[in-house]
Amino acid sequence: MRNIKYIVVHCTATAQTASVESVKRYWKEKLNWKSPGYHYLVEPDGNIVQLLDEDKPSNGVAGYNSVSMNVCYTGGIDRNGKAVDNRTEEQKASLVFLLERLKEKYPRATIKGHRDFSPDLNGNGVIEPSEWIKSCPCFDAEKEYKNL
Ligand SMILES: [Zn+2]
């Protein structure tokens, strides 16, 4: 069993209509990844797809994958490719369900958004929007899930 320190929330940064297969194909063919980016993917209808065994590391956050469980929802950008929190109600409910289950299994893990792993460039102890490497998952996951 891996020592899970973080449960990291992501968005696919694709249209909400992107299929699980197209996301997997992108990792394999465009990025040449041997492992999926996330352990779980939540589709717009709330369906949860497991892409990888929890005991194997996925490609979610460079440098943290061995100690992370990566969870993702399909979406996160608008028609112009701009970051937006467009989670459906079904996705929100499934994310809470999934995160609660993972938190039960890995009680010492902290839930964070991908962007919370950006470097604190000005060293004030807060990862500010101007410091985000990317906006993924396009909402404040730390804050929204702090009571899980
Ligand atoms: Zn991400």
Out of all the residues in the stretch 91-148, which are touching a strand residue (DSSP E or B) at 6+ places or on another chain (Cβ under 7 Å) and small (Gly, Ala, Ser)? Ser94, Ala109, Gly113, Ser135, Ala141
Filter the stretch 3-42 for residues that are of a type in the set (Phe, Trp, Tyr), at pLDDT below 95 and within 13 Å of the ligand (Cβ to nearest atom) and give the result. Trp27
If Gly63 satisfies all but one of (1) buried (at least 16 other Cβ atoms within 10 Å of the Cβ); (2) at positive phi; (3) within 16 Å of the ligand (Cβ to nearest atom), what's the number of the condition it fails? (1)
Result of the Cβ filter at 8 Å on the stretch 83-98, keeping first residues that are farther than 13 Å from Pro44 by Cβ and partners that are hydroxyl-bearing (Ser, Thr, Tyr) and modelled with pLDDT of 95 or more, at least 6 apart or interchain, is Val96/Tyr145; Leu98/Tyr40
Hey, can you tell me all the residues within the stretch 119-148 that are away from the ligand (no atom under 16 Å from the Cβ) and at positive phi? Gly123, Gly125
Go through the stretch 108-130 and give me each residue that's assigned to a loop (DSSP other than H, G, I, E, B), of a type in the set (S, T, N, Q) and under 18 Å from Ala141 (Cβ atoms). Ser118
Leu52 of a type in the set (A, V, I, L, M) and crowded, with 22+ Cβ neighbours inside 10 Å: no
Mind checking which residues of the stretch 94-118 are small (Gly, Ala, Ser) and either surrounded by fewer than 20 Cβ atoms within 10 Å (Cβ to Cβ) or away from the ligand (no atom under 16 Å from the Cβ) (or both)? Ser94, Ala109, Ser118
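The values are calculated or read from the model by the stated rules, or taken from the named source; none is laboratory data. Treat the numbers as computed from the prediction; the structure is a model and nothing was measured. Don't worry about glycine lacking a Cβ; one is built from the backbone with ideal geometry, like all the others, and counts go over all protein chains shown.
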